[in-house]
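Shown next, in structure tokens, is the structure this report addresses.
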Amino acid sequence: LRSYLRDESSRLRRLRRFYEKVQALHQDPEASVDNPLLAFSLIKRLHSDWPNVIYSDEATGNTQELHAGLREVEQELPGAEDLDGAARALMRLQDVYALSVKGLARGIFQRAGHPPLYSPGRRAPLSADDCFHVGKVAYDTGDYYHSIAWLEEAVSLFRLNYGSWNLEDRSSLEDALDHLAFSYFMAGNISHALSLSMEFLRYDPSNQRVSRNVAKYKKLLEMGTGARVPWCPPPLAPLHTLLGSSPPQAAPERLLQLSCSYETNSSPHLLLQPAKKEMVRIQPYVALYHDFITDAEAETIKGLAGPWLQRSVVASGEKQQKAEYRISKSAWLKDTADPVVRALDRRIAAVTGLDLRPPYAEYLQVVNYGLGGHYEPHFDHATSTKSPLYRMKSGNRIATIMIYLSAVEAGGSTAFIYANFSVPVVKNAALFWWNLRRNGNGDGDTLHAGCPVLAGDKWVANKWIHEHGQEFRRPCSADPED
């Protein structure tokens, strides 16, 4: 594009010089006829110079080069699926963090009546066409709750600049009004659908389809069916609903048990550099190990995983499949992939006291949560004996350790739903919890979710440890209910 602009600017400068030359020669029309040299140049200009300029292949050549440059990189560019996924990510952030669509269009991440959740260094407001596309993605799936909110904003922005034209826009005020009117009709608000359709006809009075819609809406209103309160399907549950409107108050005796400490866990690996352990919760048992890895190790792991990242899958019965409730890309790294991965396995074994030798633990899973990336509430342990997890023949997942390989500017917390608390992303820290009780049953309090990333690039590395091989490392207790 830069090359095209440079070449076109040069062409237009030459065209302007030709125009200015002609203009100068035509200042005295009579002189052109009197002077034979001027008369000759005028005749030549009109016969050949001007047509040569008009029919020059230079503009076509510049455009062809621009098109050829696009074709070279076309396979690497985002596709329709990427664009629609990005639109759905904005709607997900809108729902979970209860963000105002009007605020998002202005580049502000804010809940109505609250301070901004995130203040970027430079705002990136959305255009009317941008808002239209988000609304259109919702519209195409019959999600009129979101289509109305985003198309309303698109209509407002198009109205502000009606009559002006943007080179990059693929939609117009008429498109936005058309889709918004039908969204309101499907939501049950026929009178507003009629009003928007009438506005549409002011701009395009010959549109027969919208004219028929207007007649249909009028007839429905005359029959008394247009005064209903509009209905829309509810959005995703907001984060404050999942986690409660205020932080839970732990019992005093449990608060006394929460502490920070240097841990060696009787391991020689930790004698010279103990682990920095912060107890987050007693039930479920959740601990955060600060400075678990270094920046260099985190970058190495991300670099190793990068070329192998694929859309994450989830267990579904006896199969694995992609799912909308898990938006991320992941890759698996064997301990033989790099000395850093091998050293990380030894460190996890030292901190947890568990046996990570094959087949007692899975490979390291590296996950990248992109735009609005999230993982809805789930258990790490299998809740069915038909789960693919049992193919390893090493029992269920007894424990999880999740290492934060990057920081995020906002969002991305790990939320434990039933236990009613969340842990923010702490770069280079590792979050550990037991998935199973000592009796082998799953711990229902470990239901957790990866909250959508509001701003930033979230990378984590998961290590899932299985129950076989841990019999003498985490034995049963005397209480069968424990």
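The values are calculated or read from the model by the stated rules, or taken from the named source; none is laboratory data. Everything quoted here is computed from the prediction, not taken from an experiment. With ideal geometry, Cβ positions are generated from the backbone for all residues, glycine too; neighbour counts draw on all protein chains shown. Accessible surface areas use protein heavy atoms only, side chains included; no ligands, DNA or RNA. Shrake-Rupley method; radii C 1.70, N 1.55, O 1.52, S 1.80 Å.
Quick rundown of the values:
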quantity	calculated
Selection count where residues are small (Gly, Ala, Ser) and open to solvent by less than 40 Å² (accessible area, probe 1.4 Å), scope the range 284-304	2
Test: residue in the range 384-394 that is crowded, with 17+ Cβ neighbours inside 10 Å and within 22 Å of LYS458 (Cβ to Cβ)	no
Filtered residues of the range 155-170 (kept if more than 17 Å from ASP204 (Cβ to Cβ), of a type in the set (A, V, I, L, M, F, W, C) and surrounded by 13 or more Cβ atoms within 10 Å (Cβ to Cβ))	LEU157
Members of the range 375-415 that are β-branched (Val, Ile, Thr) and farther than 15 Å from ALA361 by Cα	THR383, THR385, ILE403, VAL408, THR414
Test for ALA237: is it at pLDDT below 95 and touching a Leu at 6+ places or on another chain (Cβ under 8 Å)	no
Filter result for TRP434 (closer than 25 Å to THR383 by Cα and either buried (at least 19 other Cβ atoms within 10 Å of the Cβ) or at pLDDT below 95 (or both))	yes
Checklist (1) surrounded by 15 or more Cβ atoms within 10 Å (Cβ to Cβ); (2) aliphatic (A, V, I, L, M); (3) assigned to a helix (DSSP H, G or I); (4) touching a helix residue (DSSP H, G or I) at 6+ places or on another chain (Cβ under 8 Å) applied to LEU83, failing item	(1)
Test: residue in the range 55-70 that is charged (D, E, K, R) and under 22 Å from the mean Cα position of the chain (by Cα)	no
All positions within the range 1-52 that are part of a helix (DSSP H, G or I) and in contact (Cβ under 8 Å) with a residue 60 or more places away in the chain	SER3, TYR4
Single match in ASP445, ASP482 (criterion: at pLDDT 95 or above and of a type in the set (D, E, K, R))	ASP445
One residue from TYR404, TYR360 being in contact (Cβ under 8 Å) with a residue 40 or more places away in the chain and surrounded by fewer than 21 Cβ atoms within 10 Å (Cβ to Cβ)	TYR360
Positions within the range 287-307 being more than 19 Å from ALA350 (Cβ to Cβ) and either among the small types (Gly, Ala, Ser) or assigned to a strand (DSSP E or B) (or both), in sequence order	ALA296, GLY303, ALA305, GLY306
Condition check for ASP178: open to solvent by 30 Å² or more (accessible area, probe 1.4 Å), modelled with pLDDT of 95 or more and not assigned by the TED database to the domain that holds GLY456	yes
Any hit, the range 123-136, residues being outside any helix (DSSP H, G or I) and at positive phi	no
Any hit, the range 193-216, residues being in contact with a Lys or Arg (Cβ under 8 Å, 6 or more places away or on another chain), open to solvent by less than 80 Å² (accessible area, probe 1.4 Å) and farther than 19 Å from SER100 by Cα	yes
Filter result (under 17 Å from LYS463 (Cα atoms), touching a Gly at 6+ places or on another chain (Cβ under 8 Å) and assigned to a strand (DSSP E or B)) within the range 395-434	THR414
